[in-house]
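K.L.:
Take a look at the following structure, please.
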Amino acid sequence: MTNERNKFFAYLATRVDEKPLQAILACFVFSLLSLYRLPVLWISMVISAYSFYKNYTLTAFFQIGATLLPFLILSMPDFMSVLSILLIIPMCMIQSKFKSFNITLEIQIIIAIFVIILLHILFPNLKEWWTGQFSALYDALLKDGMYTKEQVEAIVNTLSSTSTGLITFSLVLNLFLVNFLSLAWIDTTLSKTEHIDDILFLKLGIISPIMLILFSLQFFLVYNWTYDIAAFIGGVMIMYGFLIIMGIAWQVFQTHAWLLITFFVLSFLMFTSFVMKYFMLLLAFTDYFANWRTIFESRNQPNSKDK
């Protein structure tokens, strides 16, 4: 199974390497399809990042241009998608310089936090603007009759207070996944697992306790920016807790099959249980001191294998 999978990804890589025009066309097509609600924009982004990491810099720029083109042709105002595409090259440059998922993610987190604070400084009425954006939701929930007026106001208030932070997190998560998938693609063509291991054992440094302090500010300071920062950090740390559990699963089982099972079970629980979200937050915020994955560390260095 592993050899067949590697051969398939190697074939795709060869097509991208040797047929740059086809790769550029593929980026355009997948981007165009994404505008019709098909979740395939990430494929164009991964192809672009892959080309950059393979030192096909000019090709990567053309691929990014082809990915942006459908948005320009159809005048689709999808700001977050366009921004994600434009940030591929800066992200790849950071990853290429430091050769570390940890540092790349930490830089993204720091920049994102500063951007959230800056947005609140430049636009003091940002929460009120979001409230206006949710006016249709407010009317729909009231008309539905399932919620009282007070409950609807509480829902809209929560969304308005956290939307900037949550959207910023979705942007960071998107770039993080594109970065991982593009490098993992290169790994599979070389029969390596270097970057997969890096993800499973990703370790945030001193930024982790700093984020805990910033996350806690929402309980002491009643400012709009504190809630957006908390929403962003909450998303990041839930993602980090997810990776910690995946790393522990790999340490315990050492098989791709169990890793895949863990992924699907965790994904289900994360979207259906608040308790699991809080547990992931707890793991993430304490990992800087506890090093949870080392508790289950085997004597052998983790190597990828199927059973």
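None of the figures in this text is laboratory data; all of them are computed from the coordinates on show. None of the values given here were measured: they were computed from a predicted structure. Glycine gets a Cβ as well: all are built from the backbone with ideal geometry, and neighbour counts include every protein chain shown.
K.L.:
Between [x] 19.5; [y] 17.3; [z] 18.1, which entry matches mean projected area of the Cα convex hull in nm² as derived from the coordinates of this structure?
P.N.:
So the structure-derived entry is [z].
K.L.:
For PHE134, enumerate residues with amide H under 5 Å from its amide H, sequence gap 5+ or separate chain, H modeled in the peptide plane.
P.N.:
none
K.L.:
Under a Cβ-Cβ cut-off of 15 Å, what is the net charge of the residues other than ILE116 that fall near it, where Lys and Arg count +1 and Asp and Glu count -1?
P.N.:
Every neighbour counted, the sum reads 0.
K.L.:
Suppose the chain between GLU18 and PHE98 were pulled fully straight at 0.36 nm per residue; how much longer would it get relative to their current alpha carbon spacing?
P.N.:
26.0 nm
K.L.:
If you average the C-alpha positions of segment 139-193 and of segment 275-293 separately, how far apart do those two centres end up, in angstrom?
P.N.:
Between the Cα centres of segment 139-193 and segment 275-293 lies a distance of 20 Å.
K.L.:
Could you sort the peptides 242-250, 130-138 by per-residue average Cβ neighbour count (10 Å cutoff), highest mean leading?
P.N.:
Top to bottom by mean Cβ count within 10 Å: 242-250, 130-138.
K.L.:
Once phi is turned into ³J(HN,Hα) by the Karplus curve 6.51 cos²θ - 1.76 cosθ + 1.60 with θ = phi - 60°, what whole-Hz value does each residue of segment 82-87 show in order, with x for glycine and proline?
P.N.:
4, 5, 4, 5, 5, 8
K.L.:
Give me the count of lysine pairs in the chain whose alpha carbons sit under 20 angstrom apart, restricted to pairs 8 or more positions apart or on different chains.
P.N.:
For the chain, qualifying lysine pairs total 16.
K.L.:
Spin-label point model (7 Å from Cα, Cβ direction): what's the ILE111 to LYS143 distance in nm?
P.N.:
Taking the two extended label points, one gets 4.1 nm.
K.L.:
Can you give me the Cα centroid spacing of segment 97-129 and segment 213-240 in angstrom?
P.N.:
The distance from the Cα centre of segment 97-129 to that of segment 213-240 comes to 12 Å.
K.L.:
For segment 147-159, just list the computed ³J(HN,Hα) in residue order, Karplus coefficients 6.51, -1.76 and 1.60, θ = phi - 60°, integers in Hz, with x standing in for Gly and Pro.
P.N.:
10, 6, 4, 5, 5, 5, 4, 5, 5, 5, 5, 5, 5
K.L.:
Pick out which of ALA49, ALA284, ALA13 has the largest mean-square fluctuation in a Gaussian network model of the chain, springs linking Cα atoms closer than 10 Å.
P.N.:
Greatest mean-square fluctuation among the candidates belongs to ALA13.
K.L.:
Here is a follow-up. Among THR262, THR57, rank each residue by its count of other Cβ atoms within 10 Å, from fewest to most, as a rough exposure measure.
P.N.:
THR57, THR262
K.L.:
Oh, and also: If I stretch the segment between LEU83 and SER216 completely, what's the gain in nm (0.36 nm per residue apart, minus their alpha carbon distance), one decimal?
P.N.:
Taking LEU83 through SER216 to full extension adds about 45.0 nm, to one decimal.
K.L.:
I've got another one for you. For the pair TYR278/ASN157, report the inter-label distance in nm, with labels modelled 7 Å from Cα in the Cβ direction.
P.N.:
2.1
K.L.:
On a full-extension model of 0.36 nm per residue, what is the gain between LEU122 and TYR223, subtracting their alpha-carbon distance, rounded to one decimal in nm?
P.N.:
Here the answer is 34.9 nm.
K.L.:
Now a separate question. Per DSSP H run of at least 4 residues, take -39500 (n - 2.57); add these up for the chain, divide by its residues and hand me the 222 nm value, nearest 500 deg cm²/dmol.
P.N.:
-26500 deg cm²/dmol
K.L.:
Long-range amide H contacts for VAL40: which residues qualify at under 5 Å (H placed 1.01 Å from N, peptide plane, sequence gap of 5 or more or a different chain)?
P.N.:
Distant-sequence amide H within range of VAL40: SER34.
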